[in-house]
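S.K.: Please find one structure pasted underneath; my questions will follow.
The numbers here are math on the coordinates, done by the rules we state, and not lab data. Source: prediction; values computed, not measured. Counting neighbours? That spans all protein chains shown, and the Cβs are built from the backbone with ideal geometry, glycine included.
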Amino acid sequence: MNIQIKKYFYGDIPDDKSGGNIISKETKNDWPLWEIFIRSKQGLDHKHVGSLHAADAQMAIENARDVYTRRMEGVSIWVVQSKYIHATAPEEAGELFEPAEDKIYRHPTFYKLPDEVNQM
Amino acid sequence: MTVQDLEKIFLQKIENEIKIEPRDWMPDAYRKTNIRQISQHAHSEIVGMLPEGNWITRAPTLKRKAILLAKVQDEAGHGLYLYSATETLGITREETINDLHSGRAKYSSIFNYPTLTWADIGAIGWLVDGAAIMNQVMLTRTSYGPYARAMVRICKEESFHQRQGFEILLVLSRGSKEQKEMCQDAINRWWWPALMMFGPHDKESTHSDQSMKWKIKRKSNDELRQNFVDMIAEQIKVLGMKLPDEHLQWNEEKKHYDFGEINWEEFWNVVKGNGPCNKQRLDARRKAWEEGEWVREAAATYAEKRNKRQAAA
Ligand SMILES: [Fe+2]
Ligand SMILES: [Fe+2]
């Protein structure tokens, strides 16, 4: 597939010479990538909010505070280096998650009860 | 699975408004377009700090200074959200930044105009952030998941930017004769460049609208520009100022404002690097990067030492 995209949209300025060649290389001073999780208030789970680069965990926490909690969005921060996150592959999604689809009897709405006890 | 099959699944997701996530299969051109667009967007946020940064030390009051600092800090955050989103597509931060510094990557041309008076800070917030918001609200529904999520975060922060800008102008518009003139002058200088932010006319495009089909973009340049004109033409009445366009007029039939033609020669000139501040902006970015080299090195060395100490303990 070889599609040339030349339309000049706002926020997208095509340049014939550019267009992002995707060659990834790690350079010496590249700080590792960290995933950031924020608890927005006591009683709630930490939730993934994004990522950032930092030399170490301390710096990752400090930067996360500046970047993700400027408007009282958090009361607690977790950081974890991205390389330590293990994830399911998109190709496995069917095999892993589809079996749940035909087990509707796991949901309360599957059971039709008389009105008198339907608050159950 | 063959590439054809994968592409079919990909297009089905787009069709059904299911977001594309980093590890999903996607066509190369989709990846490249997103890398280019998101990184340009990131660069725009970062370079965009420069014209406003010019006035942080000269803000008229401590309150205005604190507000401007907060706004510029937000823009740094926006740049970061977007660089992170770019990285999910398999390009490193350093490459992206190198592309900016080498001049290979672009950023929004609006930031190549100078900020001459305090009123410019008001005009930027109202018009430039206002135009950016039009685009960004649309992009909260873009098809690439990390980009859409970054946009949701950014849009939450942006409305303060536009409001503080309008308020600066509102105060000036109710001030002395000189302040009123300053207000009008800033509007005169920023109006046309703000309209240019939306890019060339839709009809200028001879190529297929791949970005629309892939739902990266969801509204055309002219559509967004028209929405913007309709909004600003009403808001300016509150300021008692005038937009510098004699063709600006409400069109009852279309239920939109008609407006004059943009000076496209100026537009292309600035895109090609010949705007009033292109060189100054890139020089400032390169200088910041080069002078920060020792900090990056020191932090990396410190982290390495600490890791070794911890491993030994
Ligand atoms: Fe921004
Ligand atoms: Fe902004």
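S.K.: Pairs B:K8/B:K203; B:K156/B:K203; A:K83/B:K305: which are spaced more than 23 Å apart, C-alpha to C-alpha?
M.R.: Numbers: B:K8/B:K203 30 Å; B:K156/B:K203 33 Å; A:K83/B:K305 20 Å.
Pairs exceeding 23 Å: B:K8/B:K203; B:K156/B:K203.
S.K.: Same structure again: At B:M212 and B:Q73, where each label point lies 7 Å from the Cα along Cα→Cβ, what is the point-to-point distance in nanometres?
M.R.: Spacing of the two 7 Å Cα→Cβ label points: 4.2 nm.
S.K.: Next question, about the same structure. What list of ³J(HN,Hα) values in whole Hz, one per residue of segment B:232-239 in order, does the Karplus curve 6.51 cos²θ - 1.76 cosθ + 1.60 (θ = phi - 60°) give from phi, with Gly and Pro shown as x?
M.R.: Here the 3J(HN,Hα) series is 5, 4, 7, 5, 5, 4, 5, 7 Hz.
S.K.: When the Karplus curve 6.51 cos²θ - 1.76 cosθ + 1.60 is applied with θ = phi - 60°, which whole-Hz ³J(HN,Hα) does each residue of segment B:80-92 get, with x for Gly and Pro?
M.R.: Ordered by residue, 3J(HN,Hα) equals 5, 4, 6, 4, 4, 5, 4, 4, 5, 8, x, 10, 7 Hz.
S.K.: Three principal axis extents, largest first, for the C-alpha atoms of the protein assembly as shown, in Å?
M.R.: 71, 63, 56
S.K.: Separate question: Which ³J(HN,Hα) values, rounded to whole Hz and listed in residue order, are derived for segment B:134-140 from phi using the Karplus coefficients 6.51, -1.76 and 1.60 in 6.51 cos²θ - 1.76 cosθ + 1.60 with θ = phi - 60°, glycine and proline given as x?
M.R.: My calculation for segment B:134-140 gives 3, 5, 6, 4, 4, 6, 5 Hz in order.
S.K.: Here's a follow-up. Suppose the chain between B:Q4 and B:F160 were pulled fully straight at 0.36 nm per residue; how much longer would it get relative to their current alpha carbon spacing? Kindly include the intermediate steps, with their values, before the conclusion.
M.R.: Numbers: separation 156, 0.36 × 156 = 56.16 nm, distance 4.58 nm.
Result: 51.6 nm gained on full extension.
S.K.: Contact order normalised by length for chain B, with contacts defined as Cα pairs under 8 Å and 6 or more residues apart; what percent is it?
M.R.: 18 percent
S.K.: Sticking with this one: Let me check I've understood the local charge: for B:G77, count other residues with C-beta under 9 angstrom from its C-beta, Lys and Arg +1, Asp and Glu -1. What total comes out? Can you show the working numbers first?
M.R.: Working: positive: A:R70, B:R153; negative: A:D66, B:E45, B:D74, B:E75, B:E157.
Combined, the nearby Lys, Arg, Asp and Glu give -3.
S.K.: Treat each spin label as a single point 7 Å out from the Cα along the C-beta direction, and report the A:T88 to A:D102 distance in nm.
M.R.: Distance between the two pseudo-spin positions: 1.8 nm.
S.K.: Let me ask another. Round to the nearest 0.05 the FRET efficiency obtained for B:L62 and B:L170 when R0 = 25 Å and r is the Cβ-Cβ distance. Before the final figure, lay out each step's value.
M.R.: Details: r = 19 Å, r/R0 = 0.77.
Step by step, r from the Cβ atoms, then E = 0.80.
S.K.: Let me ask something else. In segment B:145-202, if every C-alpha pair distance is counted and binned at 10 Å from zero, what percent goes to each bin?
M.R.: 19, 31, 32, 14, 3
S.K.: Which whole number gives the average count of other chain Cβ atoms within 10 Å of the Cβ atoms across peptide B:74-82?
M.R.: Details: counts 2, 0, 2, 5, 1, 0, 8, 6, 0.
Averaged over the peptide's residues, the number is 3.
S.K.: Under 15 Å from the 7 Å Cα→Cβ point of B:E181, by amide nitrogen: which residues of segment B:117-144?
M.R.: The answer is B:117-119.
S.K.: Using 1/(1 + (r/R0)^6) with R0 = 25 angstrom and r between the beta carbons of A:R65 and B:A298, what's the FRET efficiency to the nearest 0.05? Working shown, then result.
M.R.: On the way: r = 21 Å, r/R0 = 0.83.
So, using R0 = 25 Å, E works out to roughly 0.75.
S.K.: Here's a follow-up. How far apart, in nanometres, would the label points at B:K287 and A:K112 be if each is projected 7 angstrom from Cα along the Cα-to-Cβ direction?
M.R.: 7.7 nm
S.K.: Tell me the GluC sites (Glu not before Pro) within segment B:199-254 that lie in a loop according to DSSP and have at most 11 other beta-carbon atoms within 10 Å. Numbers along the way, then the final one.
M.R.: On the way: sites: B:E204, B:E223, B:E234, B:E246, B:E252, B:E253; in loops: B:E246, B:E252, B:E253.
Sparse-neighbourhood loop GluC sites (Glu not before Pro): B:E246, B:E252, B:E253.
S.K.: Rounded to the nearest 500, what is chain B's calculated 222 nm mean residue ellipticity when only DSSP H runs of at least 4 contribute -39500 (n - 2.57) each, over all residues? Mind dumping the intermediate values first?
M.R.: On the way: 14 runs with 202 residues, N = 313.
Counting only the DSSP helices, I get -21000 deg cm²/dmol.
S.K.: Name the residues whose placed amide hydrogens come within less than 5 Å of the amide hydrogen of A:G50, ignoring near sequence neighbours (fewer than 5 apart) on the same chain.
M.R.: Excluding prolines and chain starts, which carry no amide H, the hits are A:I36.
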